[in-house]
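Okay, structure first, notes after.
Read-outs throughout are calculated quantities, based only on the coordinates presented, and are distinct from any laboratory measurement. Nothing here was measured: the structure is a model prediction, and the numbers come from that model. Note that we place each Cβ from the backbone using ideal geometry, even for glycine, and neighbour counts take in every protein chain shown.
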Amino acid sequence: MKISETEEKRMTDENEKRVRAFYEATAPGHRESLRGLQSPHVVYDMPEGMPIGCGHFVGLQDVLERFLTSFYRALDVHFIAEEFIAAREEVVALGRIQGKTRKAAVPVDLPFAHVWTVREGYLQRLRAFTDTALLANALAED
């Protein structure tokens, strides 16, 4: 079934709004809405070479228990999305991860590219890309 240009634009705009809402919700004090934005079966693919939390995660529980717990145990950072590129169900967020390591307060400022797949009103998949060497160096100084 082919959709109209108007429907495609509406879908693209809605999907970009959901991804923007994700980054707004990553700010401390606003994280409770993160669960409602993501599918219970969300998939995270984190880059190889990531010093903490690399690999493939399936489902919110897996993301929370195996990825986010170790990531935020080591880092006090926030994600600043600066640009969005959207086409149908794919939304790319470009930005920076900024903050510090938790032990020694080593500054962290890394670029990121996140490719999100949005379907049925939920974030379904994240493919993340970042400078893993810079992150590893910051943690090595920690």
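Descriptive notes on the structure:
- Over every Cα atom in region 1-62, the radius of gyration and the widest Cα-Cα span, Dmax, amount to 15.2, 44 Å.
- Over the chain, relative contact order from alpha-carbon pairs under 8 Å, at least 6 apart, %: 24 percent
- Ranking His78, Leu139, Met11 by how far each Cα lies toward the positive end of the dipole of region 5-141 (charges on Cβ) leaves Leu139 at the top.
- For the Cα trace of region 94-142, dividing Rg by the Kirkwood Rh returns an Rg/Rh value of 1.13.
- Descending semi-axes in whole angstrom, ellipsoid equivalent of region 5-141, from the Cα gyration tensor: 26, 15, 13
- Amide H contacts of Lys100 (H built 1.01 Å from N, under 5 Å, at least 5 apart or other chain): Asp76, Val77, Val108
- Computed from Cα atoms, the angle from the helix 132-141 axis to the main principal axis of the chain rounds to 30 degrees.
- Overall, region 5-141 carries a charge dipole of about 460 debye about its Cα centre when +1 sits on the Cβ of Lys and Arg and -1 on the Cβ of Asp and Glu, all other atoms neutral.
- DSSP bridge orientation in the chain - percent antiparallel, rounded to nearest 5: 90 percent
- Förster radius 30 Å - calculated FRET efficiency between Ser33 and Glu120, Cβ distance, rounded to 0.05: 0.95
- Helix-only [θ]222 nm of the chain, DSSP H runs n ≥ 4, -39500 (n - 2.57) each, per residue, nearest 500: -8500 deg cm²/dmol
- Within a straight-line Cα-Cα reach of under 13 Å, Lys17 can be paired with the following aspartates and glutamates, leaving aside sequence neighbours fewer than 8 residues apart in one chain: Glu83, Glu89, Glu90.
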